[in-house]
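What follows draws every value from the coordinates through simple rules; no lab data is involved. Being a predicted model, the structure only gives us computed values, none of them experimental. Methodologically, a virtual Cβ is constructed for each residue, glycine included, from the backbone with ideal geometry; neighbour enumeration extends over all protein chains shown.
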């Protein structure tokens with residue numbers, strides 16, 4: 001039902017009603033919006049600055065890890081894993097800090113990240129165990145490619161050492177041994193470069 005308009009056509013009346021309804025929008029644009037902008041712009045600027053600083057720190061950390069790992073003679077796959085982990089960790093910390101700067105309650109986000117990490121860690125515990133064992137094997141080098149080793153019932157020539165598995169060859173057969181098995185059990189080095197040390 002159109003509002004009562006004396007001496008006006010329907011079109012003019014609708015136009016008048018539209019103008020009346022647009023007054024709150026005009027007030028919002030001229031009064032409330034500038035106040036909100038004045039309140040939020042410094043926060044947004046601070047959050048962007050925090051993200052930028054953490055991004056720079058992440059890049060520097062990645063370069064330092066790569067350079068330090070190469071100087072120490074650590075395997076390139078381990079260096080890349082550590083460099084990526086350092087970069088990702090700093091970026092996540094930067095994002096959480098930036099959200100906190102905006103005034104967002106980050107305690108729920110941090111709690112959910114912790115629960116997610118716990119669930120993923122529990123679900124992938126064997127893979128994570130193999131991965132960490134692979135990192136330690138590649139850093140400490142208890143055996144090397146070309147060595148003949150024996151662990152439990154597995155015996156063969158080491159052809160590759162990966163982050164998750166060590167590949168052995170014996171009589172044309174390829175054996176993938178989980179690194180966690182190699183790290184937690186005694187290893188017999190039957191022949192190879194270890195004999196020369």
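When 144, 126, 75, 171 are arranged by Cβ crowding within 10 Å, least crowded first, meaning fewest neighbours, the order is 171, 126, 144, 75. Of the peptides 129-140, 61-72, 107-118, the order by per-residue mean of other Cβ atoms within 10 Å, starting with the highest, comes out as 129-140, 61-72, 107-118. When each of the peptides 92-98, 41-47 is scored by the mean number of other C-beta atoms lying within 10 Å of its residues, the order from highest to lowest reads 92-98, 41-47.
How would you classify the range 143-196 from its alpha-carbon gyration tensor, with a ≥ b ≥ c the square roots of the eigenvalues: rounded for a/c under 1.5, else prolate if a/b is greater than b/c, otherwise oblate?
rounded
If a/c stays under 1.5 just call it rounded; otherwise compare a/b with b/c (prolate if a/b is bigger, oblate if not). Do that for the range 31-145, with a ≥ b ≥ c from the square roots of the Cα gyration tensor eigenvalues. It comes out oblate by the Cα gyration axes.
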